[in-house]
Amino acid sequence: MDLLDRYLNAVAKGLPEAQREDILRELSEDIRSEMEDKEADLRRPLAEAEQQAILKRRGNPALLAARFRQDHRSVAFGPQLIGPVLFPFYIKVLSFNLGLTFIIIGAIFLTLVVSGQNITFNAVFSSVLLQLLIQLGAVTLIFSLIQRHLNKYPDSWNFRGMGDGVHLDLKFPSDIKLAKPTDGQVSRFDSVSIIVASAVALVWLSEVRRHPFLIFGPAAYFLQLAPVWTQVYGPIVFLTSLGVVQAVINLFRPRWARLRTLVSLVLQAASLAVLGYLLKAGSWVTLADSAGSHSAGYSRAAELVNQCVFYCLLVAAVISVVQLALKIARLMRGQRNPSSLPPVDVPC
Amino acid sequence: MYTVHYMTPGTDNHDLFENLRLELRRGSLILAVLAALRKEHYGYTLRKTLGDLGVAIDEGTLYPLLRRLESQGLLLSEWREEDKRNKRFYRLSPDGKGILKRLLAEWQSINRSLDGIV
């Protein structure tokens, strides 16, 4: 796939579907004409750098695509948080997340109904509302941060490291002295994503112990986490924190890519051990003290939840084994062919 | 208590000027595109022609504008092969010709008034 196709692919992602093909044909024709004109002037084919310069001049593909959209909706609470460029992606992500969450909530309530529990409208409503607010807040926050970056650095995109497109390259103000990224380095976008996601996970982990409602919804009235979760809580927090430490180091030292490889391997192996320990436990939720006199029906619900958790843990363990095997294979290939390894200037 | 607001002359004035310049250009671009399309063009040659005449316009502005003018019935377009490549050719529609005539008269009238003011 040549540079022009990659650029057009990136533009296509933001175009209105009904006119996508037509717009791409026209844009492609325009760019090819410009390249041909330039080649005629120079009397030779354009080098890759010259093609890149022509495409760079056309600007960020996301911004270019946005100009063809009729939909100029945005999210604003006073100042604009999410502009028309990101709005369609924001809606897509939000819809996907909410759809998935509501399917899960629906499955939980269905299980409760099947097991003979009385489900009140208030319980369903409060559970749906809570999830709606959490998802809305989290997705809006992430997109408004991306929008801020886009406003500040509209030309911050490149062709590097993408098979079939282009991507934003996170830049920071020069006064905080961050090293500039080059090939084979850890992307700052990855590092920032890991830090944000892990911070959210740590907050959730600490809150879910005090407020089981966050994980069980209305079922928290009669369900609680089994003691095995208390045993693995410390290791899970430690592993998540280890990921944050690695991401922070790579944010300021992107050339220490080997560090990420090693930490990622350790985290994968440790996660597998935690999953194995959890699988051995056999029971992951138990009846809460408040279950009281209706314990027969509640026991059935707890049994169903335990079965679901078992299959989820099993699938997670299988995926984890495959990922670990792939990472080890990649590392061993890298050892045999050192040129494919990331830079080795990790402090030891 | 009061706050003193400092204005950075370079940056703020530059941004303000850019916004006003873009606003001023926006209307003129429509006029320039309509006038240039009295003769048939495809996107790239239209952009080049306008650029050569001192009205530089980037493709992110031109193509959405062409689509809008076409949807308003002021332009006609057709895909046609030229030099072994398919290109989309635009030209002014009969409605577009009428509108252009009226817009040009309006523009000349504004120009005369501005000359008197300035």
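The values are calculated or read from the model by the stated rules, or taken from the named source; none is laboratory data. What you are looking at is a predicted structure, and each value in this text was computed from that prediction instead of being measured. Backbone-built Cβ (ideal geometry, glycine too); neighbour counts: all protein chains shown.
Quick check on B:R47: is it under 30 Å from A:E21 (Cβ atoms), within 14 Å of chain A (Cβ to nearest Cβ) and under 15 Å from the mean Cα position of the chain (by Cα)?
On the way: under 30 Å from A:E21 (Cβ atoms): yes; within 14 Å of chain A (Cβ to nearest Cβ): yes; under 15 Å from the mean Cα position of the chain (by Cα): yes.
Judged against the criteria, B:R47 is a match.
What are the residue pairs meeting all of these: first residue in region A:29-46, first residue within 14 Å of chain B (Cβ to nearest Cβ), second residue of a type outside the set (A, V, I, L, M) and surrounded by 13 or more Cβ atoms within 10 Å (Cβ to Cβ), Cβ atoms under 6 Å, and 6 or more apart or on different chains? From region A:29-46, the pairs are A:E29/B:K87; A:D30/B:G43; A:D30/B:Y44; A:D30/B:E59; A:S33/B:Y44.
Just to be sure, is A:G276 modelled with pLDDT under 85 and of a type outside the set (D, E)? No. In a residue-by-residue description of region A:184-198, the property of being at pLDDT 80 or above, under 30 Å from A:V305 (Cβ atoms) and out of contact with any Pro (no Cβ under 8 Å at 6 or more places or on another chain) applies to at least one position. In the set (1) in contact with a Ser or Thr (Cβ under 9 Å, 6 or more places away or on another chain); (2) more than 14 Å from chain A (Cβ to nearest Cβ), B:I110 fails one condition alone, (1). Suppose the filter is without any contact (Cβ under 8 Å) to a residue 24 or more places away in the chain and surrounded by fewer than 16 Cβ atoms within 10 Å (Cβ to Cβ); does A:G276 pass it? Considered against the rule, which asks whether it is without any contact (Cβ under 8 Å) to a residue 24 or more places away in the chain and surrounded by fewer than 16 Cβ atoms within 10 Å (Cβ to Cβ), A:G276 comes out as no.
The listed residues are A:L8, A:L110, A:L98, and the only one of them that is out of contact with any Gly (no Cβ under 7 Å at 6 or more places or on another chain) and closer than 24 Å to B:K87 by Cβ turns out to be A:L8. Of all residues in region B:58-102, exactly one satisfies the criterion of being surrounded by fewer than 17 Cβ atoms within 10 Å (Cβ to Cβ), among the hydrophobic types (A, V, I, L, M, F, W, C) and more than 12 Å from chain A (Cβ to nearest Cβ), namely B:L76. Of all the listed residues (A:V266, A:V196), the sole one being surrounded by fewer than 16 Cβ atoms within 10 Å (Cβ to Cβ) and hydrophobic (A, V, I, L, M, F, W, C) is A:V266.
Checked against (1) part of a helix (DSSP H, G or I); (2) farther than 26 Å from A:R330 by Cβ, A:S283 passes all but condition (1).
Scanning region A:13-35 for residues that are exposed (fewer than 15 other Cβ atoms within 10 Å of the Cβ) and polar (S, T, N, Q) yields a single hit, A:Q19. As an exercise: evaluate A:I236 against (1) part of a helix (DSSP H, G or I); (2) under 27 Å from A:F143 (Cα atoms) and give the number of the one condition it does not meet. Only one criterion in (1) part of a helix (DSSP H, G or I); (2) under 27 Å from A:F143 (Cα atoms) is unmet by A:I236, namely (2). Evaluated against (1) touching a residue at least 40 places away in the same chain (Cβ under 8 Å); (2) closer than 17 Å to A:Q135 by Cα, A:F87 falls short on exactly one condition, (1).
Only residues that are within 30 Å of A:L223 (Cβ to Cβ) and modelled with pLDDT of 65 or more were counted in region A:295-348, giving 26.
So that you can scan it fast, the table gives a plain yes or no per residue for (1) in contact with a Cys (Cβ under 7 Å, 6 or more places away or on another chain); (2) farther than 22 Å from A:K327 by Cβ; (3) of a type outside the set (A, V, I, L, M):
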| site | (1), (2), (3) |
| --- | --- |
| A:W204 | no, yes, yes |
| A:L214 | no, yes, no |
| A:F222 | no, yes, yes |
| A:V228 | no, yes, no |
| A:F238 | no, no, yes |
| A:L242 | no, no, no |
| A:L251 | no, no, no |
| A:L259 | no, no, no |
| A:V263 | no, no, no |
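Yes/no per residue for (1) more than 30 Å from A:L129 (Cβ to Cβ); (2) modelled with pLDDT of 85 or more:
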| residue | (1), (2) |
| --- | --- |
| A:I215 | no, no |
| A:A226 | no, yes |
| A:Q231 | yes, yes |
| A:P235 | yes, yes |
| A:L239 | yes, yes |
| A:V248 | yes, yes |
| A:L251 | yes, no |
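Among residues of region A:108-119 that are under 13 Å from A:E303 (Cα atoms) and modelled with pLDDT under 70, none has a Cβ under 6 angstrom from a residue that is crowded, with 19+ Cβ neighbours inside 10 Å and of a type in the set (D, E) at a sequence gap of 6+ or on a separate chain.
Applying a threshold of 8 Å to beta carbon distances and a minimum spacing of six or more residues, or different chains, the list of pairs starting in region A:299-328 at a residue that is among the charged types (D, E, K, R) and ending at one that is modelled with pLDDT of 85 or more reads A:K327/A:S264; A:K327/A:L265; A:K327/A:Q268. Looking across region A:47-93 at every residue that is exposed (fewer than 15 other Cβ atoms within 10 Å of the Cβ) and within 12 Å of another protein chain (Cβ to nearest Cβ), the one that is nearest to the chain's Cα centre (by Cα) is identified as A:H72.
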